[in-house]
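One structure is given here, and the rest of the page talks about it.
The values are calculated or read from the model by the stated rules, or taken from the named source; none is laboratory data. On a predicted model such as this, the values are computed, not experimentally measured, just so you know. Cβ coordinates were reconstructed from backbone atoms using ideal geometry, including for glycine residues, and neighbour counts include every protein chain displayed.
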Amino acid sequence: MLSLEADRQALLVRVRSGDRRAIARVLTYLDDGAAGSRETAELLASHAGHALVVGITGVPGGGKSTLVNALLGVWLARDLRVAVIAVDPSSPVTGGAVLGDRIRMGEHGAHPNCFIRSLSARGQSGGLSRTARAAVDCFDAAGFDRIIVETVGAGQSETAIASLADTRVVVCPPGLGDGVQAIKAGILEIADVLAVSKGDLPLAEETARDLREMLTLRKALGEDAWAPRVMVVSGAQSKGVSELVAAIEEHAAGAGTGRRLAVKSKATARDASSADRRSADAEHWLALMSSWVQRDGLCSTFGISVTEGGPGRAVVRMTVDRRHMNFNGGCHGGAIFALADTAFGLASNSHGALATGIDAHVTFQVGIRAGETLVARATELSRGHRIGMYRVDVARVEADGRETAVSSFTGTVYIKHRLEEKSGPQA
C-alpha cells in the first residue's frame, strides 16, 4: 500500500524510470485520495520542476481539445515526451470524467512518447481538478518534456490554471461578442498567448483585432516583460499551430519552468516570514474584523463571529440553530453561503481597499444539522491592481476537534479604491 514508506519509494523509482503502469497506478491513487497519497504527492514534487507545463483554457466548445491534439502532433514529431491532463466535467451519474476531451486526441493516444490522462473536475471550481497539481508533478518526475493541462470549459473567473502552468494559452473562439466583452477582466488577463481558434471561420481575424485592441488598454509593461501574443489558429487544419508552438517555446525560454513550485515556495516563505507578525498582530486583526462583522446585519442575525484574521485571510465561525434551518430540517444552503461569503468579504477587504464581489461559485459536500458548528477559512489566491481571487473552505467541527469538509467557495473581487474607515466588508 502507498501508506508504507518502502512501497512509496519503490513506486517512485518506477515512476521516475518512466514505467507507464506505475504512472497510471500513482495517478489513480492520487485521484482517489487513497491512504498515503499526500505523502506520495510530496515525494513526486521533490523530483519535479523540469518539464514545461502548458495550460490550455477557454470557454466550452472553443476548440481546446482539437488544438491540444495539434500541439501533440508537433511536439511528438520532435521526439519529445508529452503528457496531457484533460480535466473533464463530472458525470452526473458516476461522478467520473466524461472523457469527451480524449475523443479528439485519439490519433496520438497509442504513441509511446504520449500519455493522456483524464481527470474529473468533481465539482471543483477554477477549471481544474483537486489532484491536477499532483498529476503534473507525477508526469514531471517521470521525465516528460511537455505537460499540457486542458481545463474544463472555463468562465471569466476560473483562473486556477494561472498558478499551475508555466505558459498559459487562452483559447478564444471567433465572435466573442461586442467590444466590451473583449476587455472584461478575468480569464483573458492570465494569458501569455491568446489563441483565436477555428481560424478558418470569417470572424476569426475580427476577434483577433478585438483582442489586440484589448491589450493596448492594459497597464504598460516593463521593457523586459512578456507582451501577450494574439494568434489565429486552426487545430483541425493545423493553421498557425507551428507558430503557436514557437510562441510557447519563446515564452518558456524567458519565464522558465516550475512556476507552480516557485509559487508554493514563495507562499511557504511568506507564511514563515509573516508568522511572527501574525502572532503580534493577531489581536489587532481580530478586533478590526470583529468590528466589521458587528456592523453587518446578516452576520448579527446568523451569529457569525471572527476567530482569526490577517492580510488576505479570515476565519469565521457559526453554530447552527433554528435561525439557519430550512423547511426540510437541515441547515439552509444560504446560511452556509453567508458564512463563506463573510470570510470572503473580510479577506478581500483586509488590504484597505474596497473590494466588490463580482463572481462566486460554491459547492456543497455534506448536509448540516442543528447544533453543529461550522468554520470557514478564506485564503487569498492572487491579487492584482484591479482583480483579486479567493478560496474559502467550510468545514464541520467534530466533537474530537477533527474537521469534515462541508463546502468549497471561490470568489473574485474588483478592487475599487481605498476603504473608508466607516466601511465594512463589501464582497
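Observations, loosely collected:
- Residue pairs meeting the criteria (Cβ under 8 Å; at least 6 apart or on separate chains; first without any contact (Cβ under 8 Å) to a residue 60 or more places away in the chain, in the stretch 5-25; second in a loop (DSSP other than H, G, I, E, B) and among the aromatic types (Phe, Trp, Tyr)): none
- Residue match in the stretch 222-234 (condition: modelled with pLDDT of 90 or more, assigned by TED's automatic domain parsing to the domain that holds Met105, β-branched (Val, Ile, Thr) and part of a helix (DSSP H, G or I)): no
- For the stretch 50-69, filtered to residues that are among the hydroxyl-bearing types (Ser, Thr, Tyr) and not in a strand (DSSP E or B), the residue that is farthest from Ser234 (Cα to Cα) is Ser65.
- Residues in the stretch 73-98 that are part of a loop (DSSP other than H, G, I, E, B) and within 19 Å of Gly58 (Cβ to Cβ) were compared, and the one that is modelled with the lowest pLDDT is Val98.
- Long-range neighbours under 7 Å by Cβ, at least six apart or interchain, first residue free of Cβ contacts under 8 Å to residues at least 12 places away in the same chain within the stretch 386-408, second assigned to a strand (DSSP E or B) and of a type in the set (Ser, Thr, Tyr): Glu398/Thr404
- The stretch 241-263, subset in contact with an Asp or Glu (Cβ under 7 Å, 6 or more places away or on another chain) and in a helix (DSSP H, G or I), residue surrounded by the fewest Cβ atoms within 10 Å (Cβ to Cβ): Ala255
- Any hit, the stretch 31-39, residues being touching a Ser or Thr at 6+ places or on another chain (Cβ under 7 Å), small (Gly, Ala, Ser) and outside any helix (DSSP H, G or I): yes
- Of note, Glu213 satisfies the criterion of being out of contact with any His (no Cβ under 9 Å at 6 or more places or on another chain), modelled with pLDDT of 80 or more and acidic (Asp, Glu).
- None of Thr379, Thr356 is closer than 14 Å to Ala314 by Cα, surrounded by fewer than 23 Cβ atoms within 10 Å (Cβ to Cβ) and not basic (Lys, Arg) except Thr379.
- Residue count, the stretch 392-415 (criterion: buried (at least 20 other Cβ atoms within 10 Å of the Cβ) and over 15 Å from Cys331 (Cα atoms)): 7
- Positions within the stretch 142-166 being modelled with pLDDT under 95, in contact with a Leu (Cβ under 8 Å, 6 or more places away or on another chain) and not in a loop (DSSP other than H, G, I, E, B), in sequence order: Ala160, Ile161, Ser163
- Flag if Gly297 is at pLDDT below 90 and either under 25 Å from the mean Cα position of the chain (by Cα) or farther than 17 Å from Ala378 by Cα (or both): no
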